[in-house]
Amino acid sequence: MFKKVLIANRGEIACRIIRACRELDIKTVAIHSEIDKESMHVKLADQAICVGPASALESYLNIPSIIAAAEISGADAIHPGYGFLSENTYFAEVCQTCGIKFIGPSKESIEQMGDKISAIALMKKAGIPTVSGSNGPVNADDSNIFDIAKKIGYPIIIKATAGGGGKGMRVVVSKETLQNAIITAQTEAKASFGNPSVYMEKYIEEPHHVEFQILGDRYGKIAYLPERDCSIQRRHQKLVEESPSPLINEALRKKMGKAAKNAAAAVKYVTVGTVEFLVDKKGNFYFMEMNTRIQVEHPVTEVVTGLDLVKEQLKLAAGEKLSIVSEKVKILGHAIECRINAEDPDKDFIPSPGTIGRLFLPGGPGIRLDTHVYSGYMISSFYDNLIAKIIAFGCDRDEAIKKMQRALREVEIEGIKNTSSLHSRVMSNENFCKGSVCTNFLSKYIYGK
Ligand code: ADP
């Protein structure tokens with residue numbers, strides 16, 4: 001096992017990783033930007049090193065500084081968390097060259113799944129259902145785009161090849177707006193990823209976003225865990241996640257789990273990752289993408305299975321054999337996670353940075369809280385605005401909803417706008433309570449547009 005792990009991240013996930021390391025007797029090194037010196041992850045780690053100024057490009061994405069911090073502190077591994085450098089093949093390669101273990105899959109696996117067009121082609125080859133699409137990049141002035149779109153059938157969605165965080169996506173309902181939509185998607189993709197490439201695929205209407213956690217060891221063994229339903233989203237980004245999915249029965253779980261396992265096997269996947277699918281009303285499912293890292297929503301799987309995914313990830317990265325067998329994993333109840341973001345749910349989710357005044361976060365039976373904030377903490381506009389994850393666990397879905405409703409009533413966060421009031425509306429919405437969730441749930445049932 002590793003002796004010392006450097007965490008190349010910040011916020012709640014850095015705290016989560018430090019906790020797992022501590023329980024495994026691994027020493028931890030936090031890195032931080034100048035403005036993060038008072039952050040919780042800095043306080044929790046055994047050692048902390050400043051890697052640059054506030055801008056993420058100069059700190060949490062600054063590869064030379066991070067590698068230097070690992071070398072100075074004598075860390076034998078780096079955990080990238082999610083976001084930042086977690087899916088950066090160059091970083092994984094540099095770690096390898098410097099003899100520092102990158103806690104994640106091989107750079108080849110990241111590469112194969114990082115480009116969405118080639119990932120879809122690979123999945124097709126592996127016999128995994130995919131959405132029909134252009135099978136390659138498109139441009140507004142290509143002579144055949146109207147024919148391709150017609151063949152796919154409207155509505156279609158334009159997506160960024162290098163996509164992430166719901167950026168560079170446009171839904172197109174008819175040919176009149178196709179060219180403009182391609183141009184705006186390309187502009188957004190270029191600004192977000194430095195790569196303007198976009199492609200088209202069939203837009204599945206009112207689908208569920210269902211994903212499978214997978215784990216793999218160096219010896220070729222792969223397991224999948226019960227699914228997460230992440231259908232409640234804003235701007236194609238997740239806000240509420242739950243496990244199990246209200247849509248999935250045991251037969252479909254097995255079928256999709258097997259497909260997720262095959263997807264992971266196709267790229268010889270090691271450590272933890274997630275295979276994402278869209279599921280339509282008839283129960284047809286389609287591969288969407290694979291995230292080659294730990295995900296924000298991993299706690300719902302942890303509480304519903306009793307496993308610790310970050311510890312499993314560390315063990316698998318260190319070369320231990322996978323001991324989990326999918327068929328033996330029990331679903332112990334029902335878990336729901338609400339992401340509390342520093343943003344205004346009444347003003348189109350505009351970010352709401354600032355200093356937190358009075359703060360009370362919930363607890364009590366069945367509530368897990370993953371957070372890094374405290375009273376007096378300054379939420380900076382430089383980084384992601386996730387401030388806390390509330391995870392409720394109940395013996396069934398109704399009990400988990402009740403616990404979450406109760407927990408949300410306890411939340412008091414002064415000084416900034418946040419998403420907790422929206423979550424209360426979702427948790428008391430009759431369609432949510434019935435399990436009728438879909439990716440356009442918020443616009444359909446909450447905002448009514
Ligand atoms: P990103 O990598 O940017 O997160 P994803 O491919 O994971 O993008 O998609 C994010 C969300 O966008 C999905 O959960 C879903 O709501 C929506 N989406 C993506 N592709 C489609 C599609 N073909 N049909 C309908 N919705 C889609």
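The values are calculated or read from the model by the stated rules, or taken from the named source; none is laboratory data. Note that the coordinates shown come from a computational prediction; the quantities given were computed from them, not determined experimentally. Because the Cβ atoms are built from the backbone with ideal geometry, glycine has one as well, and the counts that use them run over all protein chains shown.
So here's what we get for this one:
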| item | result |
| --- | --- |
| Residue tally, condition touching a Lys or Arg at 6+ places or on another chain (Cβ under 8 Å) and surrounded by 20 or more Cβ atoms within 10 Å (Cβ to Cβ), over the range 418-448 | 3 |
| Positions within the range 198-242 being within 18 Å of GLY166 (Cβ to Cβ), acidic (Asp, Glu) and touching a strand residue (DSSP E or B) at 6+ places or on another chain (Cβ under 8 Å), in sequence order | GLU201, GLU211, ASP229, GLU241 |
| Search result, residues across the range 427-445 that are closer than 30 Å to MET378 by Cα and within 16 Å of the ligand (Cβ to nearest atom) | LEU442 |
| Members of the range 271-311 found to be in a loop (DSSP other than H, G, I, E, B), within 13 Å of the ligand (Cβ to nearest atom) and within 29 Å of ARG10 (Cα to Cα), listed by number | THR292, ARG293, GLN295, VAL296, GLU297 |
| Candidate set from the range 169-195 (those that are outside any helix (DSSP H, G or I) and under 20 Å from PHE146 (Cα atoms)); member that is nearest to the ligand (Cβ to nearest atom) | MET169 |
| SER436 vs. criteria in a loop (DSSP other than H, G, I, E, B) and either out of contact with any Asp or Glu (no Cβ under 9 Å at 6 or more places or on another chain) or not assigned by TED's automatic domain parsing to the domain that holds PHE84 (or both) | yes |
| Residue satisfying condition, being more than 30 Å from ILE324 (Cβ to Cβ) and not basic (Lys, Arg), within set GLN237, GLN186, GLN213, GLN233 | GLN186 |
| Count of residues meeting criterion [in a strand (DSSP E or B), among the hydrophobic types (A, V, I, L, M, F, W, C) and buried (at least 20 other Cβ atoms within 10 Å of the Cβ)] in the range 337-378 | 2 |
| Test: SER118 is over 15 Å from ASN9 (Cβ atoms) and within 16 Å of the ligand (Cβ to nearest atom) | yes |
| Number of the exception - ILE67 against (1) assigned to a helix (DSSP H, G or I); (2) surrounded by 15 or more Cβ atoms within 10 Å (Cβ to Cβ); (3) more than 16 Å from the ligand (Cβ to nearest atom); (4) not assigned by TED's automatic domain parsing to the domain that holds HIS41 | (4) |
| Whichever residue in the range 220-270 is acidic (Asp, Glu) and away from the ligand (no atom under 12 Å from the Cβ) and, among such residues, is farthest from GLN112 (Cα to Cα) | GLU250 |
| Residues located in the range 50-64, provided they are in contact (Cβ under 8 Å) with a residue 40 or more places away in the chain and not in a loop (DSSP other than H, G, I, E, B) | ALA56 |
| Residue that is farthest from the chain's Cα centre (by Cα) [pool: residues in the range 209-254 that are without any contact (Cβ under 8 Å) to a residue 40 or more places away in the chain and within 13 Å of VAL304 (Cα to Cα)] | SER245 |
| Test: GLN213 is within 10 Å of the ligand (Cβ to nearest atom) and not acidic (Asp, Glu) | no |
| Any chance ILE401 is surrounded by fewer than 20 Cβ atoms within 10 Å (Cβ to Cβ) and assigned by TED's automatic domain parsing to the domain that holds VAL303 | no |
| Verdict on ASP36 being buried (at least 24 other Cβ atoms within 10 Å of the Cβ) and of a type in the set (D, E, K, R) | yes |
| Conditions (1) surrounded by fewer than 16 Cβ atoms within 10 Å (Cβ to Cβ); (2) away from the ligand (no atom under 13 Å from the Cβ); (3) part of a loop (DSSP other than H, G, I, E, B); number of the one not met by LYS151 | (3) |
| Every residue from the range 413-433 that is of a type in the set (Gly, Ala, Ser) and outside any helix (DSSP H, G or I) | GLY415, SER428 |
| Residue match in the range 227-239 (condition: of a type in the set (A, V, I, L, M) and within 24 Å of LYS330 (Cβ to Cβ)) | no |
| Filter pass, ALA45 being buried (at least 21 other Cβ atoms within 10 Å of the Cβ), of a type in the set (A, V, I, L, M) and under 23 Å from the mean Cα position of the chain (by Cα) | no |
| Any hit, the range 203-216, residues being at pLDDT below 95, touching a Gly at 6+ places or on another chain (Cβ under 9 Å) and farther than 20 Å from LEU239 by Cα | no |
| Tabulated pairs, the range 139-164, first small (Gly, Ala, Ser), second away from the ligand (no atom under 16 Å from the Cβ), C-beta under 8 angstrom, 6+ apart or interchain | ALA140/GLN179; ALA140/ASN180; ALA140/ILE183; ALA149/LYS175 |
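So that you can scan it fast, the table gives a plain yes or no per residue for (1) under 17 Å from the mean Cα position of the chain (by Cα); (2) β-branched (Val, Ile, Thr); (3) buried (at least 24 other Cβ atoms within 10 Å of the Cβ):
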site: ALA259; (1), (2), (3): no, no, no
site: ALA263; (1), (2), (3): no, no, yes
site: VAL267; (1), (2), (3): no, yes, no
site: GLY273; (1), (2), (3): yes, no, yes
site: LYS281; (1), (2), (3): no, no, no
site: TYR286; (1), (2), (3): no, no, no
site: LEU314; (1), (2), (3): no, no, yes
site: SER323; (1), (2), (3): no, no, no
site: VAL329; (1), (2), (3): no, yes, no
